[in-house]
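S.K.: Let me begin by handing over the structure; questions about it come next.
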Amino acid sequence: MIEISGAIQEGAMAYLNRQYKTIAVVGIIIAVLLYFGLGWITTVGFIVGAIFSGLCGYVGMYVAVRSNLRVCEAAKKGMPFALLVAFKGGAVTGLM
């Protein structure tokens, strides 16, 4: 279970890193357009929002992927235990 979980974690982080590199290029283009169209204050707001949105996604994925192994272990005790652990792991993104 630990070996499979490690592979899933590695794949999820590789996917997220690749996705964020692509989104960063689009974000830079939009920031430049915002700067010339609406000014620097709007551009700064966009950049701050984009960074924190990306951070929420990254932390959420990090916690969710790591909680999967804990959910599997909790499922040995029964479905209510697994559901509780899964809910807490998934709630991180919602709370952020």
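The values are calculated or read from the model by the stated rules, or taken from the named source; none is laboratory data. From a predicted model like this one, the values you see are computed outputs, not experimental measurements. Here the Cβ positions follow ideal geometry from the backbone for every residue, glycine too, while neighbour counts run over all protein chains shown.
S.K.: Could you please find all residues in the range 1-41 being of a type in the set (A, V, I, L, M), in a helix (DSSP H, G or I) and under 22 Å from A75 (Cβ atoms)?
M.R.: If the condition is that a residue be of a type in the set (A, V, I, L, M), in a helix (DSSP H, G or I) and under 22 Å from A75 (Cβ atoms), then I2, I4, A7, I8, A12 are the ones that fit.
S.K.: So, one more: Could you please let me know if A50 is part of a helix (DSSP H, G or I), at pLDDT 90 or above and within 22 Å of the chain's Cα centre (by Cα)? Quick ask: steps written out before the conclusion?
M.R.: Working: part of a helix (DSSP H, G or I): yes; at pLDDT 90 or above: yes; within 22 Å of the chain's Cα centre (by Cα): yes.
Considered against the rule, which asks whether it is part of a helix (DSSP H, G or I), at pLDDT 90 or above and within 22 Å of the chain's Cα centre (by Cα), A50 comes out as yes.
S.K.: Looking at (1) under 18 Å from Y15 (Cβ atoms); (2) modelled with pLDDT under 85, which is the one condition that is false for L95?
M.R.: Among (1) under 18 Å from Y15 (Cβ atoms); (2) modelled with pLDDT under 85, the lone unmet condition for L95 is (1).
S.K.: Do the conditions hold for C56, that is, is it more than 21 Å from I4 (Cβ to Cβ), modelled with pLDDT under 90 and part of a helix (DSSP H, G or I)?
M.R.: Considered against the rule, which asks whether it is more than 21 Å from I4 (Cβ to Cβ), modelled with pLDDT under 90 and part of a helix (DSSP H, G or I), C56 comes out as yes.
S.K.: Please tell me if I23 is modelled with pLDDT of 90 or more, of a type in the set (A, V, I, L, M) and closer than 22 Å to V59 by Cβ. Walk me through how you get there before you give the answer.
M.R.: Details: modelled with pLDDT of 90 or more: yes; of a type in the set (A, V, I, L, M): yes; closer than 22 Å to V59 by Cβ: yes.
Spelling it out, I23 is indeed modelled with pLDDT of 90 or more, of a type in the set (A, V, I, L, M) and closer than 22 Å to V59 by Cβ.
S.K.: Within the range 30-52, track down each residue that is surrounded by 13 or more Cβ atoms within 10 Å (Cβ to Cβ) and closer than 27 Å to G11 by Cβ.
M.R.: Passing the criteria: only A50.
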